[in-house]
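A.B. asks: Quick one: this structure, given as structure tokens, is what I'll be asking you about.
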Amino acid sequence: MRTLIIYQSYHKMNTKKIAKVMAETMNADIVKVEDAKIGELAKYDLIGFGSGIYGSGFHKTIDTLIEKMPNMNKNVFLFFTTAYFGAKNLYAVKDKLSEKGCKIIGEFSCSGEYSPLGFNLNFKGKGAFIAGREKGHPDEKDMESARIFAKGLLNL
């Protein structure tokens, strides 16, 4: 099964870490969203879309790529890292993929470090917005969970 993983990651590169682990596990091609070529998507059997959570949803570059995609009958999976804000708007990317004829066969999420001012006090309350949270994530346990998820997709 030819698999492509498309991701957007910056700041702490949390999502990139998960994308790389999944790509290694699945022997998948991996590409940053800005380097993804719409015309090449058709040659893949399975496509993964990964992002950190920004404003409670996927990064706008992922949304833009999906909007530009032609309608395709593809199996896709989603993965994301998040530290604090959750993924309340995940339905938006799901709806866009469904409109393109894609079937979402799996979702994976794990913690990702958030340190807005360049340091992380690993705050647990409301102060995490300034002081940071989820220090050290994704950690090895998160990486192993990503490997298990990726292996499971290969068996579908």
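The values are calculated or read from the model by the stated rules, or taken from the named source; none is laboratory data. As the structure is a computational prediction, the values presented were derived from the model and not from experiment. With ideal geometry, Cβ positions are generated from the backbone for all residues, glycine too; neighbour counts draw on all protein chains shown.
A.B. asks: Specify the residue that is modelled with the lowest pLDDT; the eligible residues are those in segment 1-18 that are under 9 Å from the mean Cα position of the chain (by Cα) and part of a helix (DSSP H, G or I).
C.D. replies: Going through the qualifying residues, I end up with Thr15.
A.B. asks: Which members of segment 1-19 meet the condition of being among the hydrophobic types (A, V, I, L, M, F, W, C), crowded, with 20+ Cβ neighbours inside 10 Å and under 20 Å from Asn155 (Cα atoms)? Show your work before the answer.
C.D. replies: If we filter segment 1-19 for residues that are among the hydrophobic types (A, V, I, L, M, F, W, C), which is where we start, we get 1, 4-6, 13, 18-19.
Filter once more, keeping what is crowded, with 20+ Cβ neighbours inside 10 Å: 4-6, 18-19.
Listed by number, the residues that qualify are Leu4, Ile5, Ile18, Ala19.
A.B. asks: Which residues, taken from segment 25-52, are among the acidic types (Asp, Glu) and either in contact with a helix residue (DSSP H, G or I) (Cβ under 8 Å, 6 or more places away or on another chain) or in a strand (DSSP E or B) (or both)? Even if it seems obvious, please write down each step before you answer.
C.D. replies: Residues of segment 25-52 that are among the acidic types (Asp, Glu), as a first pass: 29, 34-35, 40, 45.
Residues satisfying the conditions are Asp29, Glu34.
A.B. asks: Looking at Phe123, Phe108 in this structure, which one is under 24 Å from Met13 (Cβ atoms) and at pLDDT 75 or above?
C.D. replies: Numbers: Phe123 fails: at pLDDT 75 or above.
Selected residue: Phe108, the only one of Phe123, Phe108 that is under 24 Å from Met13 (Cβ atoms) and at pLDDT 75 or above.
A.B. asks: Any chance segment 25-45 includes a residue that's in contact with a Ser or Thr (Cβ under 7 Å, 6 or more places away or on another chain), modelled with pLDDT under 85 and not aliphatic (A, V, I, L, M)?
C.D. replies: no
A.B. asks: Return the total of residues in segment 1-30 being without any contact (Cβ under 8 Å) to a residue 60 or more places away in the chain, of a type in the set (D, E, K, R) and under 12 Å from Thr81 (Cβ atoms).
C.D. replies: Number of matching residues: 1.
A.B. asks: Which of the residues that make up segment 53-79 are farther than 16 Å from Leu41 by Cα, out of contact with any helix residue (DSSP H, G or I) (no Cβ under 7 Å at 6 or more places or on another chain) and in contact (Cβ under 8 Å) with a residue 24 or more places away in the chain?
C.D. replies: Ile53, Gly55, Ser56, His59
A.B. asks: Name the residue, out of Ile66, Ile62, that is under 11 Å from the mean Cα position of the chain (by Cα), among the β-branched types (Val, Ile, Thr) and over 19 Å from Leu156 (Cβ atoms).
C.D. replies: Details: Ile66 fails: under 11 Å from the mean Cα position of the chain (by Cα).
Being under 11 Å from the mean Cα position of the chain (by Cα), among the β-branched types (Val, Ile, Thr) and over 19 Å from Leu156 (Cβ atoms) holds for just one of Ile66, Ile62, which is Ile62.
A.B. asks: Exactly one of (1) in a loop (DSSP other than H, G, I, E, B); (2) under 18 Å from Gly106 (Cβ atoms) is unmet by Asn71. Its number?
C.D. replies: For Asn71, the failing item is (2).
A.B. asks: Another one. Quickly run through segment 23-47 and pick out the residues that are within 21 Å of Asp139 (Cα to Cα) and touching a strand residue (DSSP E or B) at 6+ places or on another chain (Cβ under 6 Å).
C.D. replies: Step one: filter segment 23-47 for residues within 21 Å of Asp139 (Cα to Cα), giving 23-26, 30.
Selection gives Ala23, Met26, Ile30.
A.B. asks: Any idea which residue in segment 20-49 is nearest to the chain's Cα centre (by Cα), counting only those that are surrounded by 15 or more Cβ atoms within 10 Å (Cβ to Cβ) and within 14 Å of Glu67 (Cα to Cα)?
C.D. replies: Top of the filtered list is Phe49.
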